[in-house]
Amino acid sequence: MKRAYSISKQRGFTLVEMLVVLILTGMITGILMQGLHQVFRLQTHFGRELFNTQQGEMYTEWFRQSVNGLMPDYADGKNKFKGSQREFSGMTLSPLNTATEALLPFTWRLRFEPKTGQTQLQYGSNDDAPAVLGWPGNSGRFVYFDANNEAHDAWPPFLGKWPQLPKAINLENQNTDEPRIIVAVPKGLENPLPRQKDLLEL
């Protein structure tokens, strides 16, 4: 009985097949690297946008907190609340220039900077006051609302008897590139706490 032996021929890759595999591998690697670069670029871009958004929200909250802390000054005081379309000032329990709560005078104002072409929301009345927010163009105004939700360009309004503090203050910027409305509500007393000399005069 004769055994049949099968001889299997082992065949390797030809040079052409190796070149095709190398070319395909290089193309796939190139596509993956381009995709990875795009992902990193988008991640950097959106990370920067997210940081700017969070920073903008933080500065907006600073503005709101200072307005929330508004308190009326005495009738003979030097820091009674007053406001125009581009500036308002008064007394607040939440000033930005101290870490502790203290009743201090403050000013918010809108100032256009011609060199940068931006309007800046500044905390303070001096030209070198720190800018908290900024946007392109010469736009923006403060709007003051009374108890009947009627808007006024200045506070106190020209005619009539008004409380020292408005019911709400809007910072409005209708710039077409970056429209923004920030609403802030004073939460202080309608009238200042009586002083000893006020009680003696009663």
(message) Taking the full set of protein chains and a 1.4 angstrom probe, give the accessible area of residue 16 in square angstrom, rounded to the nearest 10.
(response) 100
(request) Quote the accessible area belonging to residue 195 in square angstrom, nearest 10, computed with a 1.4 Å probe and with ligands, DNA and RNA left uncounted. (result) 60
(message) What distance in nm separates the two pseudo spin-label positions at residue 125 and residue 151, each 7 Å out from Cα along the beta-carbon direction?
(response) 2.7
(message) Please report the accessible area of residue 185 (heavy atoms, 1.4 Å probe, ligands and nucleic acids excluded) in Å², nearest 10.
(response) 60
(message) From the protein chains alone at 1.4 Å, what is the descending order of accessible area for 82, 167, largest first?
(response) 82, 167
(message) Calculate the FRET efficiency for residue 98 and residue 159 from the Cβ-Cβ distance with a Förster distance of 45 Å, rounded to the nearest 0.05.
(response) 0.75
(request) May I ask which of 82/187; 115/187; 78/115; 82/115 have a Cα-Cα span longer than 27 Å here? (result) 115/187; 78/115; 82/115
(request) For residue 68 paired with residue 170, estimate the spin-label separation in nm (one decimal), with each label point 7 Å from Cα along the Cα-to-Cβ line. (result) 2.1
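The values are calculated or read from the model by the stated rules, or taken from the named source; none is laboratory data. Just so it is clear, the model here is predicted, and its values are computed rather than measured. Here the Cβ is made from the backbone with ideal geometry for all residues, glycine too, and neighbour counts use every protein chain on show. All accessible areas refer to the heavy atoms of the entire protein, side chains included, with ligands and DNA or RNA removed. Shrake-Rupley method; radii C 1.70, N 1.55, O 1.52, S 1.80 Å.
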